[in-house]
Amino acid sequence: MRKESLKIARAFAAGVAASAARTRTDGQAGYLHGNRIAQREADGSIWVTLAGWGTVTTRDRVNTLCRVLGSGVRFYQRDHVQRVAFPDGADFDTCPHDRWEVAAAGGEIRNTPEA
């Protein structure tokens, strides 16, 4: 977890604007190099995506946000394939463009990609 990742994740969780090292948030969405990697919806749910970039930096930003939110969701790479693991033990291959809900308004995290 990088210092800049933690700064942005904490700001996003608090709903305030911040920026650091090519990453920024307006409190409702998070961006890396201008690509939206996180979004808070009107119902309070939060989704994340690798935004087409399965890089170490993108995974770090998304994983730090998931950790700060306490979601237990984790993105990683195995055998050159992007994967996502959920706290219930579910584990999926993920396309870098898939959106995954990591914090649900009702408290239950859905572990299916959004089309």
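The values are calculated or read from the model by the stated rules, or taken from the named source; none is laboratory data. Keep in mind that this is a model prediction, so the values were computed, not measured. Because the Cβ atoms are built from the backbone with ideal geometry, glycine has one as well, and the counts that use them run over all protein chains shown.
Tabulated data for the structure shown
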read-out: Residue within the stretch 33-47 that is surrounded by fewer than 18 Cβ atoms within 10 Å (Cβ to Cβ), among the aromatic types (F, W, Y) and at pLDDT below 95 present; value: no
read-out: Residues satisfying the stated conditions in the stretch 63-97, i.e. β-branched (V, I, T) and part of a strand (DSSP E or B); value: V81, V84
read-out: Condition check for T64: out of contact with any strand residue (DSSP E or B) (no Cβ under 8 Å at 6 or more places or on another chain) and at pLDDT 95 or above; value: yes
read-out: Selection from the stretch 7-31 of residues that are over 23 Å from A104 (Cβ atoms) and touching a helix residue (DSSP H, G or I) at 6+ places or on another chain (Cβ under 9 Å); value: A17, A18, S19, A20, A21, R22, T23, R24
read-out: Filter result for W100 (in contact with a strand residue (DSSP E or B) (Cβ under 8 Å, 6 or more places away or on another chain), modelled with pLDDT under 95, aromatic (F, W, Y) and not in a strand (DSSP E or B)); value: no
read-out: Unmet criterion (only one of (1) out of contact with any Asp or Glu (no Cβ under 9 Å at 6 or more places or on another chain); (2) assigned to a helix (DSSP H, G or I); (3) basic (K, R)) for R36; value: (2)
